[in-house]
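S.K.: Here it is, the structure, as structure tokens.
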Amino acid sequence: MELSTRAIGEVVHPTAAFYEPPLGTQGILELPSTTTHAFEPSWETSLLNPKNRIDSLDLPRNPLWRVDGCAGLGTQYYVLPLFLQRIPPMRMDVFVSDFQPPLIRAQLELNKAFHTKDSVRLPRLAIARYIVRVLQIWTTTDFPDQESFENFYKAVPFGSRLVLENMSLDTRRVRVKVGLNHNLERKLLPLSRLEHLWGAGFPFPRAIDFFDLHVVRVLHDSVCLVQIDEQLVIFKALTSGAKYLYHELKTLCTIEPHANIITRPLHIVTKKCSFGTKRAVAGFTTFFHSKGTLRDVLPLLRAHDQLRRVDQLKWSIQLTKALEYLKTRSKTYYPDLRLDNIVLSENSDIVMVDFEQRGVWCEFAAPEVNAIEYVHLIATDECVPEPVSEKYRRMLRDLVPAFESLEDERYTNPEFGFNLSWIALSPVEQEAAEVYMLGRVLWCIFEGVSGPQKAAVWQSYRWEPDLEFPEYKKTPPAMRSLIDKCTNGRRRTLSSVIIRRHSRLLLTSKAANEQTADQVKEAAKRFWSAEIEEAERFLELRDSLRRKGEWNDNYYERPTLKQVLEALEAFQNETP
């Protein structure tokens with residue numbers, strides 16, 4: 001089964017148990033029902049026929065644009081106009097529909113773009129070169145000179161879009177439609193409103209103007225590397241879900257400092273909105289840690305036989321201390337624990353980043369968190385039949401009575417953020433869930449891999465893991481025992497049934513040429529039906545015992561963060 005955005009609802013999410021494709025999309029992106037018999041395309045549809053080939057995918061001699069990365073499962077591309085002397089962080093990304101004719105989809109490698117996001121591999125893909133060519137034609141055709149383009153670029157609302165329409169084999173026929181994101185700027189709040197919500201004495205960082213920033217590179221859908229007065233810093237901003245930005249800003253300004261937690265923001269960045277006189281907070285800046293994330297550092301060190309036990313223990317202890325500090329001193333939770341959110345300082349100490357509190361990918365959290373998240377996904381997905389959605393909405397209301405208000409796009413200053421699955425848990429349950437995620441991160445650190453899955457559906461890595469959690473190769477026995485205790489209650493994952501191999505979803509039980517897309521979907525439906533049944537059983541048991549006052553918040557009997565820290569330090573003391 002080819003990777004596409006449809007695969008999320010049909011296979012990857014628990015919605016697969018009930019999925020009904022949206023009206024008008026049935027049949028789109030469907031491949032032949034079987035792969036056991038190869039078929040010969042006719043000359044009319046063959047890629048050998050020149051009329052079926054894209055005119056060219058060569059980059060222009062002097063490209064005016066650069067593609068820095070990708071998000072939205074291969075539908076959103078970060079682009080920068082290289083011909084501007086100073087590039088403000090407008091975040092005017094290119095958007096491409098996933099629903100393309102097979103001839104175009106195959107040649108543009110959209111299935112690879114689904115999971116390829118980094119600035120090293122993505123520009124090599126056909127879709128990136130195609131975008132550069134299309135934007136080159138658009139820029140030179142629609143604007144008489146650089147000044148007129150610069151005036152246009154600086155005048156559009158923050159987060160506006162360049163939408164490629166009429167995707168064609170002839171790049172000259174592609175239309176570039178500008179989608180002005182006035183809706184986002186309407187939701188951005190002025191500093192005075194945040195002061196009203198957070199209190200007059202709130203410790204805001206110094207405010208600077210949006211156009212004082214010059215983009216060097218787009219690193220992520222919410223993060224740019226920018227230059228301010230010759231200094232490189234990180235600019236954090238969201239082009240959707242501004243409420244998470246404000247929640248993170250408030251959190252970072254109020255948590256007590258810790259050596260292994262990102263420092264409070266350097267500046268808040270304000271921008272005059274396109275309509276009216278509102279000057280809104282569009283983002284904030286923070287320190288840039290050039291050594292990168294553990295996700296990329298660990299496999300590289302392992303490959304060169306430079307991953308030292310002393311560093312593994314140092315990072316593990318620093319991370320555990322930071323988590324315990326957040327729990328005991330700041331009374332908050334950290335649901336975003338993964339290698340992507342752990343960077344290295346100049347001294348090679350770990351620094352935790354990303355405090356939006358949105359959580360991790362489906363299945364990557366503790367089973368008790370996953371159980372609630374499955375309910376949430378089914379309750380709010382438009383491709384689930386309404387009677388089914390309503391059943392799960394009732395369950396969600398029982399877990400989080402105010403869930404509808406938290407789903408609203410407006411920022412309302414909720415005390416505990418917007419993550420329903422974690423808000424539903426008690427502080428003890430939250431700590432147990434953090435310990436579970438910590439156990440998986442410890443496994444990655446001691447095995448020296450970029451993630452707990454061999455081939456995560458959501459994202460491929462430059463250095464893919466060669467084993468899958470909880471397999472062990474390099475972890476010492478004492479740490480294996482600790483990791484197993486931290487991850488008590490773990491369940492099998494979808495990857496035990498369906499895996500991503502390159503850019504396809506395949507059954508683990510059959511050879512690639514002996515299975516069909518329908519069989520993959522059916523296997524996903526069976527898997528998720530069983531997982532949902534177990535999630536409901538767990539939540540019913542939890543509710544029943546809570547009502548009786550008999551519920552053990554540490555249901556899976558995991559160690560506390562303090563106990564994990566003691567075990568790590570004891571092993572460190574025993575290690576030569």
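S.K.: What number of residues in the range 1-56 are modelled with pLDDT of 85 or more and within 25 Å of Ala456 (Cβ to Cβ)?
M.R.: Summing the residues that are modelled with pLDDT of 85 or more and within 25 Å of Ala456 (Cβ to Cβ) in the range 1-56 gives 19.
S.K.: A further question follows. Which of (1) surrounded by fewer than 17 Cβ atoms within 10 Å (Cβ to Cβ); (2) at pLDDT 95 or above; (3) within 30 Å of Asn111 (Cβ to Cβ); (4) not aliphatic (A, V, I, L, M) does Glu464 not meet, given it meets every other one?
M.R.: The one condition Glu464 does not meet is (2).
S.K.: Quick one: is Glu373 over 17 Å from the mean Cα position of the chain (by Cα), farther than 16 Å from Ile261 by Cβ and not in a loop (DSSP other than H, G, I, E, B)?
M.R.: When the stated conditions are applied, Glu373 does not pass them.
S.K.: Can I ask one more? Check off (1) closer than 26 Å to Gly292 by Cβ; (2) part of a helix (DSSP H, G or I); (3) in contact with an Asp or Glu (Cβ under 8 Å, 6 or more places away or on another chain); (4) not aliphatic (A, V, I, L, M) for Ser119 and give me the number that stays unchecked.
M.R.: (2)
S.K.: Go through the range 332-349 residue by residue and tally those that are surrounded by fewer than 22 Cβ atoms within 10 Å (Cβ to Cβ), more than 23 Å from Ser460 (Cα to Cα) and in contact (Cβ under 8 Å) with a residue 24 or more places away in the chain.
M.R.: Final tally of qualifying residues: 5.
S.K.: For Pro60, which of the numbered conditions (1) free of Cβ contacts under 8 Å to residues at least 24 places away in the same chain; (2) within 22 Å of Gln146 (Cα to Cα); (3) not aromatic (Phe, Trp, Tyr) fails to hold?
M.R.: (1)
S.K.: So Gly417 fits all but one of (1) open to solvent by less than 50 Å² (accessible area, probe 1.4 Å); (2) touching a residue at least 60 places away in the same chain (Cβ under 8 Å); (3) within 23 Å of Leu344 (Cβ to Cβ); what number is the exception?
M.R.: (3)
S.K.: When you look at Phe284, is it closer than 30 Å to Asn181 by Cβ, within 21 Å of the chain's Cα centre (by Cα) and of a type in the set (A, V, I, L, M, F, W, C), yes or no?
M.R.: yes
S.K.: Among the listed residues Thr251, Thr277, Thr285, which satisfies the condition of being among the polar types (S, T, N, Q), open to solvent by 10 Å² or more (accessible area, probe 1.4 Å) and modelled with pLDDT of 95 or more?
M.R.: None of the others qualify; the one that does is Thr251.
S.K.: Moving on to the next point. Just a yes or no: is a residue in the range 126-141 open to solvent by less than 60 Å² (accessible area, probe 1.4 Å), part of a loop (DSSP other than H, G, I, E, B) and modelled with pLDDT of 95 or more?
M.R.: no
S.K.: Further question on the same structure: Would you be able to tell me the number of residues in the range 313-354 that are among the polar types (S, T, N, Q) and part of a helix (DSSP H, G or I)?
M.R.: Of the residues in that region, 5 qualify.
S.K.: Now, a different point. If the requirement is being modelled with pLDDT of 95 or more, within 26 Å of Leu188 (Cβ to Cβ) and open to solvent by less than 20 Å² (accessible area, probe 1.4 Å), which of these qualifies: Trp443, Trp422?
M.R.: That would be Trp422, the only listed residue that is modelled with pLDDT of 95 or more, within 26 Å of Leu188 (Cβ to Cβ) and open to solvent by less than 20 Å² (accessible area, probe 1.4 Å).
S.K.: The conditions are (1) touching a helix residue (DSSP H, G or I) at 6+ places or on another chain (Cβ under 8 Å); (2) open to solvent by 20 Å² or more (accessible area, probe 1.4 Å); (3) within 23 Å of Leu344 (Cβ to Cβ); (4) among the β-branched types (Val, Ile, Thr), and Val216 fails exactly one of them. Which is it?
M.R.: The single condition Val216 does not satisfy is (1).
S.K.: In the set Lys112, Lys154, which member is at pLDDT 95 or above, open to solvent by 60 Å² or more (accessible area, probe 1.4 Å), part of a helix (DSSP H, G or I) and under 30 Å from Tyr244 (Cβ atoms)?
M.R.: Answer to the selection: Lys154.
S.K.: Looking at the range 505-517, is at least one residue in a helix (DSSP H, G or I), among the aliphatic types (A, V, I, L, M) and more than 25 Å from the chain's Cα centre (by Cα)?
M.R.: Yes, because at least one residue in the range 505-517 is in a helix (DSSP H, G or I), among the aliphatic types (A, V, I, L, M) and more than 25 Å from the chain's Cα centre (by Cα).
S.K.: What single numbered condition from (1) part of a helix (DSSP H, G or I); (2) of a type outside the set (Asp, Glu); (3) open to solvent by less than 40 Å² (accessible area, probe 1.4 Å) fails to hold for Val310?
M.R.: (3)
S.K.: Is it the case that the range 426-439 has a residue that's surrounded by 21 or more Cβ atoms within 10 Å (Cβ to Cβ), over 19 Å from Glu324 (Cα atoms) and touching a residue at least 60 places away in the same chain (Cβ under 8 Å)?
M.R.: There is no residue in the range 426-439 that is surrounded by 21 or more Cβ atoms within 10 Å (Cβ to Cβ), over 19 Å from Glu324 (Cα atoms) and touching a residue at least 60 places away in the same chain (Cβ under 8 Å).
S.K.: Would you check if Ala200 is touching a strand residue (DSSP E or B) at 6+ places or on another chain (Cβ under 8 Å), of a type in the set (A, V, I, L, M, F, W, C) and more than 30 Å from Ile54 (Cβ to Cβ)?
M.R.: So Ala200 fails the test.
The values are calculated or read from the model by the stated rules, or taken from the named source; none is laboratory data. The structure displayed is predicted, hence computed values, not measured ones. Backbone-built Cβ (ideal geometry, glycine too); neighbour counts: all protein chains shown. Each accessible area value is taken on the protein alone, full model and side chains, heavy atoms only, with ligands, DNA and RNA left out. Shrake-Rupley method; radii C 1.70, N 1.55, O 1.52, S 1.80 Å.
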